[in-house]
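Read-outs: derived from the displayed coordinates by stated rules, not from any lab. None of these values were measured; they are calculated from a predicted model. Cβ sites come from the backbone with ideal geometry, for glycine too, and all protein chains shown count toward neighbours.
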Amino acid sequence: VEGPQDIRFLKHMGRILNKHDQSHPDIEDDPRIGIIPLGGSTLNEWVQNHYLRCLDLPEIHIYDRDTQAPPQYQNACNDVNSRGDGSWAALTNKREIENYLHLDAIAEVYTQINSADLVLQDQANVPELIAKKVHESSGAPTVWELLEEGKRGKKIRRAKKRLCDEAASRMTIERLDAVDSNGEVKGWFIKIAEQLT
């Protein structure tokens, strides 16, 4: 995965899915599974150099689609999928991992936000939307657009962390099914389970 927040999200989803159907692995408690954040500038290095080759185990890579066309990590996915060693890589169909959170789970964490004002589309930048709403609800004298880029970035990172941990912990199988009607997240865990047999 790209970063530590993605790990938190996936651990929560694994717990939820496993509770509903034990064929989905609980990746937090299964000793056969190791999760490594590969994001940022080093991701392509990990893929190109295949640093984990010596383990002789298949790898599963899940990357955010983001908004670039083509997606930033499309070539990395193609490289992993062409290895021929059982490794598999996928880009999220939605913009990023936070787009798989149900609005009710988010609203339970961010009680200061009027959730009726939120529209979370599949390609929306959810952490930025939430950070902006929190900032606006705080009564801060500086409007969001005039904040220094560094301050906005810090608020977005804080929102991302809370979303992937606190909001993800409030997800249920019903909420996941509602926001992921195609079963994409379940599909990731099915793929992980296939590699464990």
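In percent, what relative contact order does the stretch 38-197 have, based on Cα pairs under 8 Å that are 6 or more apart in sequence?
Working: 151 pairs, mean separation 34.2, N = 160.
With pairs under 8 Å counted, the relative contact order is 21 percent.
Using the per-residue mean of other Cβ atoms lying within 10 Å as a proxy for protection, in what order, highest first, do the peptides 44-54, 83-93 fall?
83-93, 44-54
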Original post:
Between the stretch 119-149 and the stretch 76-94, what's the alpha-carbon centroid distance in Å?
Top reply: 33
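If each DSSP helix of 4+ residues adds -39,500 (n - 2.57) and the sum is divided by the residues in the chain, what number results at 222 nm, nearest 500 deg cm²/dmol? Numbers along the way, then the final one.
Working: 8 runs with 85 residues, N = 197.
Taken over the chain, the calculation gives -13000 deg cm²/dmol.
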**OP:** Return the sequence-ordered ³J(HN,Hα) values of the stretch 167-178 in whole Hz as given by the Karplus equation 6.51 cos²θ - 1.76 cosθ + 1.60 applied to θ = phi - 60°, using x for Gly and Pro.
**Re:** 5, 4, 5, 9, 6, 10, 4, 5, 5, 5, 4, 5
**OP:** Pop out the Kirkwood hydrodynamic radius of the chain from its pairwise C-alpha distances, inverse of mean 1/r, in Å to one decimal.
**Re:** 17.8
Original post:
Cα axis of helix 184-196 to longest principal axis of the chain: angle in degrees, 0 to 90, nearest 10?
Top reply: 30
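For the stretch 71-175, what percent of Cα pairs sit more than 20 Å apart? Numbers along the way, then the final one.
Details: 2652 of 5460 pairs.
In whole percent, the share of Cα-Cα pairs in the stretch 71-175 beyond 20 Å is 49.
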Original post:
HN-Hα J couplings of the stretch 127-139 from phi, Karplus 6.51/-1.76/1.60, θ = phi - 60°, integer Hz, Gly and Pro as x?
Top reply: x, 5, 4, 5, 4, 5, 5, 5, 4, 5, 6, 7, x
**OP:** Can you tell me the 0 to 90 degree angle between the C-alpha axis of helix 149-162 and the longest principal axis of the chain, rounded to 10?
**Re:** 60
